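Have a look at the structure below, then the notes.
Just so it is clear, none of the values below were taken in a lab; they were calculated from the coordinates. Here the structure is a predicted model, which means the values were calculated and not measured. Here the Cβ positions follow ideal geometry from the backbone for every residue, glycine too, while neighbour counts run over all protein chains shown.
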Amino acid sequence: MHKRILIVEDEPAIRDMVAYALRKGEFEPVTASDGREAQAAIAERVPDLILLDWMLPGTSGLELARRWRREVLTRDVPIIMLTARGEENDRVGGLEAGVDDYVVKPFSARELLARIRAVMRRSREDDEDGSVQVGGLRIDGAAHRVFAEADSQSTAIHIGPTEYRLLHFFMTHPDRVYSRSQLLDHVWGGSVYVEERTVDVHIRRLRKTLEPHGLDGMVQTVRGAGYRFSAAS
C-alpha cells in the first residue's frame with residue numbers, strides 16, 4: 001500500500017504540482033487548502049506524513065504544527081513545512097513548533113521527494129529500534145513511547161518524533177560526548193542538509209519535555225565540545 005501524504009497548501013498550482021510529483025513517486029496524495037479541510041482529512045484517515053504550507057488562510061501552518069504535535073492522533077506524524085520564508089529565525093521557529101524538516105520555495109520535485117523519503121526512513125528506523133532504559137528514563141521501542149520511572153511507577157512522556165530519535169540515540173550511547181555535526185550525522189542522517197543550530201533547537205525541546213519529570217539534567221552541555229547524555233549529574 002502506498003504511503004498517504006496530506007498536502008496542506010492554499011495555492012492550487014503548487015498543490016497540484018506537489019500531488020503530481022507524489023503520484024510519480026508512488027505516494028498517495030490527499031489535498032487540503034486550509035486547516036479545516038486538513039482536520040477533516042486527518043479525521044478520515046491519519047496520513048503517514050504531512051506537507052504543510054507556512055502561510056495559510058485562517059490558521060497558519062505554524063499554528064497547525066503546534067496543534068498537531070499536542071494531539072494524540074497526529075503527534076507522531078512527520079511534518080515537512082513548505083515555506084517561502086528562508087530566514088534562519090523562521091526555520092528555527094518551525095523546528096521549535098515540532099516540524100521535522102522544511103523545504104524552501106521554490107523547490108524541485110526531486111528535492112521534495114528526497115526530503116520525504118529521508119524523513120520517512122528516519123521514522124521507519126525508529127520503529128525498528130529496541131527498548132532501552134537509562135536511570136529514570138525508559139523507552140519502549142515496540143510501543144514507540146517514553147516513560148519516566150520513579151518509585152516503581154511509570155509515567156508516559158509525550159515527545160515529538162525528532163526528540164524521540166535524539167533521545168533514543170543518546171540513551172543507546174550514554175556518557176559519551178557528541179559534537180553537533182556528529183549528532184546530525186547519527187540522528188538526521190549524513191545525506192540530509194540540516195544546519196548545526198537545528199541540534200540546539202531540539203536539545204532545548206528535549207530538555208523542556210523532560211523537565212517536569214526532573215530528568216532534563218541528563219542531557220548535558222559540554223562547553224566547546226557538544227552534548228552528552230548521562231544518568232550521573
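Observations on the model:
- FRET efficiency for Ser108 and Ala231, using Cβ-Cβ distance with R0 set to 45 Å, rounded to 0.05: 0.50
- Gyration tensor (alpha-carbon) shape descriptor, the range 4-127, a/c threshold 1.5: rounded
- Spin-label model, Tyr20/Arg4: points 7 Å from Cα along the beta carbon direction are separated by 2.5 nm.
- The range 148-217 and the range 40-111: distance between their alpha carbon centers, rounded to Å: 20
- With a Förster radius of 30 Å applied to the C-beta separation of Gln153 and Lys208, the computed FRET efficiency comes to 0.85.
- Counting only alpha carbon atoms, the long axis of helix 12-24 and the longest principal axis of the chain meet at about 70°.
- Here the Debye sum runs over all C-alpha atoms of the range 129-229 as equal scatterers in vacuum, and log10 of I(q)/I(0) at q = 0.12, 0.20 Å⁻¹ comes out as -0.36, -1.02.
- Added length on full extension, which subtracts the Cα-Cα distance from 0.36 nm per residue, Ala40 to Glu196: 52.5 nm
- Expected 222 nm ellipticity per residue - DSSP helices of 4 or more, -39500 (n - 2.57), all of the chain, to 500: -12000 deg cm²/dmol
- Antiparallel DSSP beta bridges within the chain, percent to nearest 5: 50
- Overall shape: oblate for the range 1-62, with the ratio a/c of the largest to smallest alpha carbon gyration tensor axis at 1.5 or above and b/c at least equal to a/b.
- Taking other residues whose beta carbon is less than 12 angstrom from the beta carbon of Gly217, and scoring Lys, Arg as +1 and Asp, Glu as -1, yields 0.
- Close amide H pairs (under 5 Å, H built 1.01 Å from N) link Leu137 with Glu149, residues at least 5 positions away or on another chain.
- The alpha-carbon of Lys3 sits under 23 angstrom from the alpha-carbons of these lysines, leaving out residues fewer than 8 places away in its chain: Lys24.
- Panel note: the C-alpha atoms of the chain, placed on their principal axes, show extents of 54, 37, 33 Å (largest first).
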